[in-house]
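J.: Can you read through this structure? Questions will come right after.
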Amino acid sequence: MDLTLHSDYTLNNQERIPVLGCGFFKVPDGHQTIDAVLDALALGYRLIDTASVYGNERSVGEAIKRSGINRDEIYVTTKLWNEDQGYEQAKRALEGSLKKLSMTYVDLYLLHWPVAGKRQESWRAIEDLHDRGFCKSIGVSNYLKPHLVELLMHCRVKPVVNQLEISPFNYLSRLDTIQFCRKNDIHIEAYSPLTKGLKLSDPRLLKIARKYYRSPAQVLLRWSLQEGFTAIPKSSGKEHLLENSKVFDFSLSISDMDLLSAMNENLTTG
Ligand code: NDP
């Protein structure tokens, strides 16, 4: 099937998630976030990833309102921060996020990190928030296989997504978790898919990029797409946003996919 910027994947609860989105980590609240979200939406992106800890939910909500695009055409993700974990705190946290976003629901609410001693009661709160319609889907982030095994043993509502740092530079070190997610129908969102820019000059990546007449960033995003992940690169500039959206008119050969996947360096940028 030929993918486009408007293609999506079906999650395990039958909701749909775009194949490519935009993340807004470290984009300051105010005009920078508003402009970047408006640019992204104008270019056709429909998945916007924020988090309460990014401090820019208010501007994300404002930009979505200003865009004039129907709310139900935009996929909005936010996340429960570590300090807000716990049953009652989690409920208050989503209430606060929705207020800032000026929305009645988010499409995806993620438990940002698996905080020891708190993650199970936080998940219970998120399940209840899901029942009440405040989030259409719920998922986790930064969960490794043991966290997922624990969650699947105790959950009432299964997570639809695990958002993980994934690029060719850490793929093999995440493989155990990736395979577990695939086996259990938990969709993977790849964060920091551009390695925060750290590996864009890697000579092996540059060689593949030259072969396809593409930029290293486009090759990394195409790799992510062909792996079946939803990638959420961050860019606050229009040029990069545009460049990153142009990954649907070429495909990497199986041997180049293999070469990329073998570039593992156990990279963790966070
Ligand atoms: P990315 O891997 O997306 O890299 C972002 C960097 O790459 C920025 O410096 C950006 O610069 C640059 N860049 C973007 N496009 C291009 C391009 N075409 N060519 C060259 N450079 C480019 O890093 P992030 O860590 O921000 O990850 C993306 C998103 O994932 C976050 O914004 C956030 O939404 C999510 N995330 C989730 C985490 C979690 O714990 N769940 C943790 C970290 C991130 P510029 O802005 O100038 O374009």
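J.: How large is the charge dipole for the chain, taken about the Cα centre, if only the Cβ atoms of Lys, Arg (+1) and Asp, Glu (-1) carry charge, to the nearest 20 debye? Let's see the in-between values first.
T.: On the way: 34 positive and 33 negative charges, 48 e Å.
Charge dipole of the chain: 220 debye, to the nearest 20.
J.: Additional query: I'd like the distance separating the alpha-carbon centroids of segment 75-154 and segment 24-45, in whole Å.
T.: 24 Å
J.: Can you pull the Rg over Rh of segment 135-250, Cα-only, Kirkwood? Write down the numbers at each step before the final one.
T.: Working: Rg = 15.5 Å, Rh = 15.2 Å.
Answer for segment 135-250: 1.02.
J.: Would you calculate a helix-derived [θ] at 222 nm for the chain, using -39,500 (n - 2.57) for each DSSP H run of n ≥ 4 and dividing by the full residue count, to the nearest 500? Working shown, then result.
T.: On the way: 10 runs with 113 residues, N = 270.
After summing the helix terms and dividing by residue count, I get -13000 deg cm²/dmol.
J.: Restricting to Cα pairs below 8 Å that are 6+ residues apart, what does the relative contact order work out to for the chain? Please round to a whole percent. Walk me through the numbers before you get to the answer.
T.: On the way: 479 pairs, mean separation 52.5, N = 270.
Relative contact order here is 19 percent.
J.: Over segment 166-270, average the accessible area per residue using a 1.4 Å probe and give it in Å², no decimals.
T.: Working: 4900 Å² over 105 residues.
Computed with neighbouring chains in place, this is 47 Å² per residue.
J.: Helix 171-183 versus the longest principal axis of the chain: what angle, 0 to 90°, nearest 10, using Cα atoms?
T.: Roughly 50 degrees, rounded to the nearest 10.
J.: Moving to a separate point now. Counting only protein heavy atoms and a 1.4 Å probe, tell me what percentage of segment 198-270's accessible area is made up of carbon and sulfur. Don't jump to the answer; show the numbers that get you there.
T.: Details: 2000 of 3720 Å².
On segment 198-270, the fraction of accessible area on carbon and sulfur atoms equals 54 percent.
J.: Mind checking the angle between helix 145-154 and the chain's longest principal axis? C-alpha axes, 0 to 90 degrees, to the nearest 10.
T.: Between the helix axis and the principal axis of the chain, the angle is about 30 degrees.
J.: Which net charge results for the neighbourhood of Ile17, defined as the other residues with beta-carbon distances under 9 angstrom from its beta-carbon, given Lys and Arg at +1 and Asp and Glu at -1?
T.: On the way: positive: Arg16; negative: Asp8, Glu15, Asp107, Glu189.
Every neighbour counted, the sum reads -3.
J.: Restricting to Cα pairs below 8 Å that are 6+ residues apart, what does the relative contact order work out to for segment 1-70? Please round to a whole percent. Could the numbers behind the result be given before it?
T.: Working: 87 pairs, mean separation 22.2, N = 70.
That works out to 32 percent.
J.: Also, I was wondering about something else. On average, how much accessible surface per residue is there in segment 1-106, in Å², for a 1.4 Å probe, leaving out ligands, DNA and RNA? Let's see the in-between values first.
T.: Working: 4840 Å² over 106 residues.
For segment 1-106, the solvent-accessible area averages 46 Å² per residue.
J.: Tell me the relative contact order for segment 1-133 as a rounded percent, counting alpha carbon contacts under 8 Å between residues six or more apart. Could the numbers behind the result be given before it?
T.: On the way: 197 pairs, mean separation 26.7, N = 133.
Computed over segment 1-133, the figure is 20 percent.
J.: Let me ask something else about it. Do the alpha carbons of any pairs in Lys118/Lys234; Lys118/Lys145; Lys136/Lys238 sit beyond 25 Å of each other, and which pairs?
T.: Lys118/Lys234; Lys136/Lys238, as the Cα separations exceed 25 Å there.
J.: Using +1 at the C-beta of Lys and Arg and -1 at the C-beta of Asp and Glu, which of Gly21, Ser201, Gly55 has the Cα lying farthest in the positive direction of the dipole of the chain?
T.: Farthest along the dipole direction, towards plus: Ser201.
J.: Hey, another quick one. Hey, got the Cα dimensions of the chain along the principal axes, in Å, largest first?
T.: 53, 42, 32
J.: Now a separate question. Give the carbon-plus-sulfur fraction of the accessible surface of segment 35-169 in %, rounded to a whole number; probe 1.4 Å, heavy atoms of protein chains only. Numbers along the way, then the final one.
T.: Numbers: 2580 of 5300 Å².
Accessible surface attributable to carbon and sulfur in segment 35-169 totals 49 percent.
J.: Measure nothing but the geometry: give the 0 to 90° angle between the long axis through the Cα atoms of 119-131 and the longest principal axis through the Cα atoms of the chain, rounded to 10°.
T.: Roughly 80 degrees between the two axes.
J.: I'd like to compare 218-225, 90-97: which one has the highest average count of other Cβ atoms within 10 Å, and what's the full order after that? Mind showing how you got there, number by number?
T.: Details: 218-225: 24.6, 90-97: 19.2.
Top of the packing list down: 218-225, 90-97.
The values are calculated or read from the model by the stated rules, or taken from the named source; none is laboratory data. Everything numeric in this text was worked out from a predicted model, so none of it was measured. A quick note on method: Cβ atoms are made from the backbone with ideal geometry, for glycine too, and the neighbour counts reach across all protein chains shown. Keep in mind that these areas ignore ligands, DNA and RNA; they rest on the heavy atoms of the full protein, side chains included. Shrake-Rupley method; radii C 1.70, N 1.55, O 1.52, S 1.80 Å.
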